[in-house]
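Derivation of every value follows stated rules applied to the coordinates shown; laboratory data play no part. Small disclaimer: the values here were computed from a predicted structure and weren't measured. As a convention, Cβ positions derive from the backbone with ideal geometry for all residues, glycine included, and neighbour counts pool all protein chains shown.
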Amino acid sequence: MTRDDERTVRALRGLADRQEEFGPVPVAELLHRGRRARRLRTATRTAAGAGCLVLAAGVLLAVRPAAPDPLPAPPAGPTRTATPDPPQQSTPPTDAPPSDEALLGLLKASLPAGTFSELRGPIGWAAGSGGRWISVRYDDGTGAGQMSVSVVHRAAQAKADGPELSCPDPKIDPYEACRTGTLSDGTVVRTLRTPLYGMGRDGYTEASVVLAGKDGRLVVLKANNATVSKTEPLTRTTPPLTTDQLTAAAQADGWDGVVAALPVSTAQQSRTPGIPGEQVLATATALLPAGLTAAEPGTADPGTGGLGYANFTVADAQGPSLVEIVLQDRRADLQSAPDPASGWQILPDGTRIRDREEPREPGRRLVEALRPDGLWIMVVGYASGRLKQPATRQEPLLTMEQLRAVALGPAWKLPG
């Protein structure tokens, strides 16, 4: 796979989780730090029942209201799912950060009794991220499931309407239920139940909670009923932990000590697209063939790491077809000649372009264009109106030539 291919893959489906290894701290010390930090805080947390939260305000939003487990917080509008930030600058912590074993001990102390095995540390988390992450198999006695926890200490609280705490666009990341709400102390919590792998993986489900505190903490806990490998059968019918149980664990006092020991990120909390999604949407839809109208517009970037993003559907007698637009600043790529083996062609005006068709479910056609000013445009058409489901039509509605026409539109320009 070439460097261009790797960047395209990352743009298509977001960034991977990243964490960093630190020296050991006993779990007892974490609990001590938690009690100390709690005494210093002026705000207090409230809880009612076994993990149920008392929320300040909100309105229920659930694609399937009869979800298997109740969610303790009301929802926000569509945007992408929570994803830990890429490497960030950070200030040194005041205490030694916790070890993987200490984090596991904290989970054991805050979750229902069960068996924990196959602890994995921060694989793939880039150095300098300033966060902690572990994954472990958890069995409550009725079957094992996989769970993970990540925690980051930011300079400021994540925004309630930001990408980590809002509900995903159901066209891109379908879910069973999603709610976001604010606790009395200002902590924001998002709970989510979503199919884990999508099409062909019926029954694979993930429950997750994202907790953003006013002290800058961002704690993410996930549990699913699948093994690490997609080829393995289900180990149970539902995740071993409900969103209520995950929420209660995310509120445990021990996280105070973990957060206190982590370096404080001084980087921007989340990327601001250089080209607003509404502008991307308007430019793309103006380039559609006559007679086609864009519907179900979405502008929340699902994690492409790009300069701008938008999606919409177009439809004919066969049904809807999803279209995604991703923009990136790739001026650095202009310094090297395109690799002919990667399928790039150079047009008379200097624009580089390549296209390909992929049969995987749902089938898609993809066009990439790198303009002479360094703006990279990717246009993808799908044989379905939704991702993570089987194709609902024989092929994407837009032909390759029509996708190329959108990617080569003269209105696409690099900001500045």
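A simple packing score, the average count of other Cβ atoms within 10 Å per residue, orders the peptides 381-392, 289-300 as 381-392, 289-300, with the highest score first.
Multiply the residue gap between K214 and T237 by 0.36 nm, knock off their C-alpha separation, and tell me the result in nm, one decimal place.
Details: separation 23, 0.36 × 23 = 8.28 nm, distance 3.60 nm.
In short, 4.7 nm is gained.
Starting from the eigenvalues of the Cα gyration tensor, five times each then square-rooted, give me the equivalent ellipsoid semi-axes of segment 277-407, largest first, whole Å. Mind showing how you got there, number by number?
Working: eigenvalues 123, 53, 38 Å².
Those come to 25, 16, 14 Å.
Were the residues from T399 through D139 laid out at 0.36 nm apart, the gain over their Cα-Cα distance would be 88.8 nm.
Determine, for each peptide in 144-150, 403-409, the mean count of other beta carbons within 10 angstrom over its residues, then list the peptides with the highest first. Provide the component values of the computation, followed by the final result.
Numbers: 144-150: 23.1, 403-409: 19.6.
So the peptides 144-150, 403-409, ranked by packing, come out 144-150, 403-409.
Counting other Cβ atoms within 10 Å as a rough exposure proxy, the listed residues S265, S342, S117 run S117, S342, S265 from fewest neighbours to most. Taking label points 7 Å from Cα along the Cα-to-Cβ direction, T293 and Q318 give a separation of 2.2 nm. Sequentially through segment 169-186, phi angles give Karplus couplings (6.51, -1.76, 1.60; θ = phi - 60°) of 5, x, 5, 9, 10, x, 9, 8, 7, 8, 9, 10, x, 10, 7, 5, 8, x Hz, Gly and Pro residues having no value and appearing as x.
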